[in-house]
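See below for the structure under consideration.
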Amino acid sequence: MKKQIENSYEIRVASCGLAFGLRSTVFGLLLLIVFSVLFSSCEDVIDVKLSDENLNLIGVEASITTVDQPTVFLYKTLKVDQDVTYPGISGAVVTISDNATPANQLILTENPAKAGQYLVPVGKEYLGVTGREYTVTIQTEGVTLTAKDKLAKVEPIDSIQVVPSQRGEKRFLGVFTYGKEPKGLGNYYKWDIYLNDTLIHDADRMAIASDEFVDGNYISKLEIYTDFYDTNKPEDRKLKLNDKVQVKQTSISEFAYNFYYQMINQSSTGSLFSVPTANIESNFTASDGKPVLGIFTARDVSVSNQVLIDQKIEDQLKK
């Protein structure tokens with residue numbers, strides 16, 4: 001018999017530089033799910049003196065999964081007032097390896113269409129394997145960067161639903177998941193939501209969780225995404241009639257969970273009296289001792305069913 005969980009969680013809402021908590025109870029929710037929603041109804045312009053202390057640091061976005069081959073994006077940091085794409089770093093030697101015996105090692109090649117992006121060479125295959133630890137090593141500009149992450153197994157996702165959210169008086173659509181949380185503490189999750197086969201990237205809509213309070217239970221109707229928007233601007237809706245929604249449930253390490261948790265917290269700040277945000281600690285280390293931005297993640301992936309938002313779903317929304 002499937003055991004269902006009832007729990008409470010907190011959504012953080014920021015408006016006009018103030019933050020407050022909304023508590024809600026949802027039947028079937030899980031695991032201290034962390035997810036923030038930002039609404040801005042006004043803004044003040046404040047002149048701030050910016051420091052150049054963290055200019056020209058190296059940043060890395062690197063990942064490998066059981067369904068996607070490894071990718072690495074290597075870039076330089078910019079001034080916070082520069083609204084341009086991070087400049088990719090070309091000419092690096094990027095290697096990925098595992099802890100198998102013997103180790104499987106591969107040198108990635110730079111994408112000629114995108115400076116700083118390194119991919120598996122054409123004709124090669126290098127997918128992640130559960131239970132293995134992966135290491136990315138980057139040699140660039142006389143510096144060696146190294147990061148490790150272990151690829152833990154993820155429990156298969158049973159199914160997803162797209163129905164009116166249990167928040168916001170059913171004016172917004174929500175994405176809900178169903179699945180078993182295996183016995184044994186120390187499981188961490190991240191859900192990637194795809195809309196018409198395109199990943200929704202919003203940092204303030206990131207959904208992560210640990211199994212601290214729901215170890216070994218069946219998790220029913222976990223709301224991992226809510227399509228909040230200004231109801232006076234229906235064009236701002238993301239989940240619309242005839243859209244297709246799919247979810248990838250992935251395992252992440254404890255380090256990655258804490259990294260993303262800090263990202264969410266930083267995206268929720270903005271008060272005039274907030275403590276200035278600091279660079280989030282990376283799992284990359286540099287041979288010259290300088291800080292490195294970014295993270296390397298190794299993840300197992302379970303892909304959900306695909307849901308079409310039809311007229312029947314749309315009609316359930318309260319107008």
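The values are calculated or read from the model by the stated rules, or taken from the named source; none is laboratory data. No experiment lies behind these values; they were computed from the predicted model shown. No Cβ is skipped: glycine too gets one built from the backbone with ideal geometry, and neighbour counts run over all protein chains shown. To get the accessible areas, we keep the full protein, side chains included, count just its heavy atoms, and leave off ligands, DNA and RNA. Shrake-Rupley method; radii C 1.70, N 1.55, O 1.52, S 1.80 Å.
Observations on the structure shown:
- Ranked packing of 143-150, 235-242, most packed first, by mean Cβ within 10 Å: 143-150, 235-242
- Which of GLN117, GLY168, GLY142, positive extreme of dipole for segment 66-204 (C-beta unit charges): GLY168
- With the alpha-carbon atoms of segment 92-209 aligned to their principal axes, the span from lowest to highest coordinate is 56, 38, 29 Å, starting with the largest.
- Ellipsoid semi-axes in whole angstrom, largest first, where each is sqrt(5λ) of the Cα gyration tensor of segment 166-263: 27, 15, 13
- Calculated FRET efficiency for the pair THR285/ASN104, C-beta based, R₀ 30 Å, to 0.05: 0.85
- Distance-filtered residues of segment 85-121 - backbone nitrogen under 16 Å, label point 7 angstrom along LEU127 Cα→Cβ: 120
- Proximal lysines relative to LYS76, as straight alpha-carbon distance under 16 Å, when same-chain residues fewer than 8 apart are discounted: LYS114, LYS290
- Ligands, DNA and RNA are left out, and with a 1.4 angstrom probe the accessible area of segment 86-199 is 50 Å² per residue.
- Computed in the context of the full set of protein chains, the accessible area of segment 146-199 at 1.4 Å probe radius has 48% of its extent on carbon or sulfur.
- Ellipsoid equivalent to segment 97-160 - semi-axes via the Cα gyration tensor, in Å: 25, 17, 13
- Centre-to-centre, using Cα atoms only, segment 187-228 and segment 230-271 are separated by 8 Å.
- Farthest toward positive dipole pole in segment 169-306 [+1 Lys/Arg, -1 Asp/Glu at C-beta], among ALA278, GLY184, SER220: SER220
- Charge dipole magnitude, Cβ of K and R +1, D and E -1 - segment 182-319, Cα centre, debye nearest 20: 220
- If the Kirkwood radius is taken over C-alpha pairs of segment 143-196, then at 25 °C and 0.890 mPa s the Stokes-Einstein diffusion coefficient equals 167 µm²/s.
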